[in-house]
1. Once you place label points 7 Å from the Cα toward the Cβ at Lys182 and Lys683, how far apart are they in nm?
2. At a 10 angstrom cut-off on C-beta neighbours, averaged per residue, how do the peptides 739-745, 232-238, 586-592 rank from highest to lowest?
3. Modelling each spin label as a point 7 Å along the Cα-to-Cβ direction, I'd like the Asp648/Ser84 distance in nm, to one decimal.
4. Sort 38-45, 430-437 by packing, meaning the average of other beta carbons within 10 Å per residue, with the highest value first.
5. Can you grab the distance from the C-alpha centre of the stretch 639-709 to the C-alpha centre of the stretch 1-35, Å, no decimals?
6. At 7 Å along Cα-to-Cβ for each site, give me the label-to-label distance between Leu372 and Tyr232 in nm.
7. Calculate how large, on average over all directions, the projected area of the Cα convex hull of the stretch 644-685 is; give the answer in nm² to one decimal.
8. Rounded, prolate or oblate: pick one for the stretch 480-549, where a ≥ b ≥ c are the square roots of the eigenvalues of its C-alpha gyration tensor, a/c under 1.5 means rounded, and failing that, prolate if a/b is larger than b/c, else oblate.
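FYI, it's all coordinate maths here, none of it is from the lab. These numbers come from a predicted model, not from an experiment. When we count neighbours, we look across all protein chains shown, and the Cβ atoms used for this are built from the backbone with ideal geometry, even at glycine.
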Amino acid sequence: MIRKYIQVKGIVQGVGFRPFVYKIAMENNLIGNVKNTSSGVYINIQGNKNQIDKFIHELRYNYPKLSQIEDIIIEKKELEKYNSFNIIHSDNNENGMTLLSPDIAICNDCLKDIRNKNDGKRYNYAFTNCTNCGPRYSIIQDLPYDRVNTSMKNFVMCESCNNEYKNPLDRRFHAQPTCCIKCGPSLILLDNNENIIHEDELYKVKELLKLGKIVAIKGLGGFHLVCDGRNYDSIQKLRDRKNRKYKPLALMMKDINTIKKYCHVNDKEEEILLGNRKPILLLNKRNDKLPKNISFNNHSIGIMLPYTPLHYLLFDKDLDTLVMTSANLSGMPMIYTNDKALSELKNIADYFLINDRDILTPVDDSVVKVVLEEERVIRNARAYAPLSFKKEVGNIFSLGSHLKNTFSISKNNYIFCSQYLGNMENLESINNYKNSVKNLESIYKIEPDIVAYDNHPNFWHNDYLKNYQCKKVGVYHHHAHIVSCMFENGIDEKVIGLAFDGVGYGEDGCLWGSEFLVADYKEFERVGHLNYMKMPGGDNATKEPWKMGISLMYNLFGEKLEESNHRYIKEKNYKLLTTMINKDINSPLTSSMGRFFDAISSLLGFDRRVTYEGEACVELENMARESEHIKDLYNYKIINKDNQYIIDTNVITSEVLKDIDVNTKKSVIAIKIHNTVVDFSYKICNILREKYNINKVALSGGVFQNDILFVRLYNKLSDNNFEVLTHKKIPCNDSGVSIGQLIIANNRR
Ligand code: ZN
Ligand code: FE
């Protein structure tokens, strides 16, 4: 007889790990105990050697599918006087490092329960869950993950639930949020005057949706605004009330077959749709059978499958497609409390379907897509966050970016990246950010020794930064982008980095965004970029792409812009702009690829104010779709100046204008622009490969969400024997910046 003491680290809480340990201990006639602590699961097993070996084999290779084992440490110990195998109560521990499990979509067993008419406890019950599924991160207040540390603590389990909870062989053994119709949360339906509607809530909600009403529904990580996804008028009503003119709306569809009616779905995409995370997946449309106002002028559409029991119960044979958009007021964080929903959404929603299970950490729906056969995360949130990585690092907190923010913190060789927190453009968003930081810091008991921040001089976090008395490390935006991509790919050496995005503050005080860097985890050298253009009106030019169009033309014609007499400028009120550019009034310099794309998009007819970030670029990409087969490109010039390779846009602009003059199809011009960017990027990479003897190229920045550009550049580089590093788990957009900041700060310790 021997005894072993085993520590298991990783995602091992709330995923059915202890019941699994119990089961394999029973099967092998072992005695001892298992305990959850905030630093992992601890197991004492005693018995004969053969059976202990079998136990360890099972532990290593057949663990529950939701867990993620980082480490198993096994020690030999003195024999103890155990009588049986027991699960002992969790305790709290100061250096907690157990990884939080994200929220998990409802499993098939629970789905059977809610559809089983003979199940008196859970038939049609919207809060059904078990050890293999249900809320986690969104309801946790503290570790270890026990019911008292979640928002389920207010619900006392009925006898029957308690029996399941205590039975090691039950699927709901120690399922912390477990409950049933008798003892768990319940649905409440109200109209927008807060009158409670006393009818079968689920039946009534479906009726209301079919009548074209808009219902605010509390989900797993926050509220959604919901309406019938096949009803053009309700969708328009939702857009008008929410003041959301063009930004695409996400859909939830009843099942995979419904999705296949409207979209192309390949094997990888099907796997993601049906998996246990259920993100919004961007899919290519198969036809135009869905209302046009779901996603205008767009080849793709964001769709998810139901992920909570409540969602499943919202569909029936006459209702198979719902618009499900995060409930927030324009630019504000998502609403997740009943009170706030009822007060702030009363002019948008006709009805409210709320419940009494509190959401403690709001989490948006994640957004992913499959490009080059890989899942690529665009928005890291529900079921994906917090992201964790194992790496030897100090205690660091990195604040992240201005737009599409996430933050990252690290401790004890782990890095955690928060869920997507949106744009830091108003007090509400910043407060929401601060709360999320406080939550994660307190759950993991982290006190940072270093804070990493963006070097932008007037950044949203300047005041907040003063609260931290520790060492502070300033990082440049595009360096952080490239390092986030390197880190994701496990590359710690000098690489060529292409950071193409909106704008980020650069070393020379200008707004960078088409940067070719030679970078490692510590430093970077800027070795190339687009020539500078002025941004008349500063940030405002981002909102009004035609201003970039004028600026691009001004680069070419200068004072002679008027004489050029080009039809593009005819109806534009450009004189004020050229004065601003000329006299240098509020016209910062930018090398942004996003702004360059904006300018071209505008030349091709995009003439409105953008209603969401990157709208004009998205439209340019969609224009190009129609002529994807075309390989032509524009001439360009690369100038070598002070050891930097500068792409002169004037040659490109003048050729685009010529094409416009001869009425070349817009889609042809759009694809030629894409091809041109691919070509000069490749060419500069080639020059840099020779000069620096580096063969690895990292592609990062939000512009690489443009699939045409990304795929063509990737292929061109790989075909020419470059090793190309790309983003998968960490978004290529600004949501990835916090990880880059953290790694850089760690290397400057
Ligand atoms: Zn389940
Ligand atoms: Fe960026």
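1. 7.6
2. Result, highest mean first: 739-745, 586-592, 232-238.
3. My value for the distance between the label points is 8.5 nm.
4. 38-45, 430-437
5. 57
6. With each label point 7 Å from Cα toward Cβ, the separation is 4.0 nm.
7. 2.9
8. Note, shape of the stretch 480-549 comes out prolate.
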